[in-house]
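Undergrad: I'd like to ask some things about the structure below.
Just so it is clear, none of the values below were taken in a lab; they were calculated from the coordinates. Just so it is clear, the structure is predicted and the values come from calculations on it, not from any experiment. Here the Cβ is made from the backbone with ideal geometry for all residues, glycine too, and neighbour counts use every protein chain on show.
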Amino acid sequence: PYEVLVVGGGPAGASAAIYAARKGIRTGIVAERFGGQVLDTLSIENFVSVKHTEGPQFAASLEEHVKEYNIDVMNLQRAKRLEKKDFIEIELENGAVLKGKTVILSTGARWRNVGVPGEAEFKNKGVAYCPHCDGPLFAGKDVAVIGGGNSGVEAAIDLANIVNHVTVLEYNAELKADSVLQDRLRSLPNVTVLTKAQTKEITGTDKVNGISYVELETGNVKHVELSGVFVQIGLVPNTDWLGDTVERNKFGEIVVDQRGATNVPGVFAAGDCTNSPYKQIIISMGSGATASLSAFDHLIRSEVP
Ligand code: FAD
């Protein structure tokens with residue numbers, strides 16, 4: 001068995017694998033797509049100490065760093081089942097079963113898409129998902145936020161400080177965000193809130209130039225000219241495959257303690273698949289390191305030579 005088996009090859013998994021391998025213990029990492037979400041990211045400007053990089057370049061550096069160590073990298077393999085027996089078993093889609101004395105889950109998350117025309121086409125060309133990451137790219141411009149829940153309203157408040165104007169589109173009759181956030185939002189002079197507004201299309205040529213929505217009360221289609229659209233209708237953790245084997249919260253996030261431990265002894269988790277309150281590269285890497293050091297601690301306490 002592996003002493004540390006990492007499932008997921010994004011920033012959290014890469015960091016966990018490197019920290020484990022540096023302890024000189026047998027380490028494996030299995031990933032559906034090594035690199036994770038950063039592969040879909042254009043510019044990264046908040047990874048502290050690196051002023052600017054591009055997602056694919058960042059992913060390549062992650063891989064290069066992992067390959068500096070004696071780590072079994074199993075890319076393009078998807079885990080479908082976890083079971084705790086003598087060891088912790090991870091079954092892959094291809095039928096293979098990997099065993100770990102400890103396992104670190106770092107399967108990340110994905111942004112929920114609105115699924116309207118233009119969304120996929122203009123991803124990274126005006127369609128964005130992360131206000132902390134991409135907000136400054138729209139300084140002084142007009143943007144829309146799709147979604148009036150907590151994340152949408154937080155994004156709109158955040159963006160209103162940076163951009164010229166924010167239009168919030170909510171499908172329902174009312175925003176779902178906490179009332180303190182709604183009050184804050186409505187106090188801002190450069191925000192328009194549209195409820196009962198169904199996004200129909202994100203328009204553009206080589207990049208976004210507007211958004212069309214159906215005014216549900218009248219059935220009329222309206223169009224707003226703008227440069228950016230932030231989709232904020234939820235982040236879905238890639239944890240369905242775990243079922244009830246590991247405790248997850250109502251959002252499907254794996255519940256971890258301060259040390260990255262789950263409710264199953266020997267199973268740790270890190271990054272966007274967990275209940276960590278903020279989902280960022282630097283945070284995922286920190287939690288990957290934490291989970292790995294905890295796995296090592298678990299191994300030295302549970303093994304009598
Ligand atoms: P992920 O990056 O999601 O990696 C998960 C890994 O697990 C992948 O390798 C995936 O293939 C694998 N996996 C999933 N399911 C399975 C399975 N069943 N079996 C095996 N492997 C599996 N953050 C910033 O800090 N700065 C930015 O500028 C920034 N920009 C962003 C732009 C975009 C468009 C997006 C989508 C995100 C951005 N983020 C940014 C957020 C950042 O990418 C994430 O916080 C970070 O990648 C999370 O790392 P992770 O390792 O936890 O998960």
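Undergrad: So in segment 138-247, what percent of DSSP beta bridges are antiparallel if you round to the nearest 5?
TA: Taking every DSSP beta bridge with both residues in segment 138-247, the antiparallel ones total about 50 percent.
Undergrad: What do the square roots of 5 times the Cα gyration tensor eigenvalues come to for segment 183-305, in whole Å, largest first, as semi-axes of the equivalent ellipsoid?
TA: One finds semi-axes of 44, 16, 14 Å for segment 183-305.
Undergrad: Return a whole-number percent for the relative contact order of segment 131-287, with Cα pairs under 8 Å and 6 or more residues apart as the contact set.
TA: 18 percent
Undergrad: What ranking do LEU293, LEU39 get, fewest neighbouring Cβ atoms within 10 angstrom at the top?
TA: Ordered from fewest to most neighbouring Cβ atoms within 10 Å, LEU293, LEU39 come out as LEU39, LEU293.
Undergrad: Looking at the chain, which Cys residues are left with no other cysteine's beta carbon under 4.7 Å from theirs?
TA: That list is CYS273.
Undergrad: Right, another one. Find the centroid of the Cα atoms in segment 262-292 and in segment 86-159, then give the distance between the two in whole Å.
TA: Cα centroid to Cα centroid, the span is 16 Å.
Undergrad: Show which lysines lie in cross-link reach of LYS125 when reach means a straight Cα distance below 24 angstrom and same-chain residues fewer than eight apart are skipped.
TA: LYS51, LYS141, LYS200, LYS207, LYS222, LYS279
Undergrad: In deg cm²/dmol and to the nearest 500, what is the mean residue ellipticity at 222 nm of the chain if only DSSP H runs of at least 4 residues count, each as -39500 (n - 2.57), divided by the residue total?
TA: Working: 6 runs with 69 residues, N = 305.
Dividing the helical sum by the residues of the chain leaves -7000 deg cm²/dmol.
Undergrad: So what is the orientation-averaged projected area of segment 54-173, using the convex hull of its C-alpha atoms, in nm²?
TA: Dividing the Cα hull surface by four gives the mean projection, 11.5 nm².
Undergrad: Starting from the Cα-Cα distance between HIS223 and TYR278, subtract it from 0.36 nm times their residue separation and give me the gain in nm to one decimal.
TA: That works out to 16.5 nm of additional length.
Undergrad: Give me the percent relative contact order of segment 5-117, please, defined on Cα pairs under 8 angstrom at least 6 residues apart.
TA: It comes to 32 percent, rounded to a whole number.
Undergrad: I'd like the orientation of helix 11-21 relative to the chain: the angle between its Cα long axis and the longest Cα principal axis, in ° from 0 to 90, rounded to 10.
TA: Once rounded, the angle reads 20 degrees.
Undergrad: Then there is this: Report Rg/Rh for segment 135-236, rounded to two decimals, where Rg is the Cα radius of gyration and Rh the Kirkwood radius. Mind dumping the intermediate values first?
TA: Numbers: Rg = 12.7 Å, Rh = 13.5 Å.
Ratio of gyration radius to Kirkwood radius: 0.94.
Undergrad: Work the Kirkwood hydrodynamic radius out for the chain: mean of 1/r over every pair of different alpha-carbon atoms, inverted, in Å.
TA: On the way: mean 1/r = 0.0487 Å⁻¹.
The answer is 20.5 Å.
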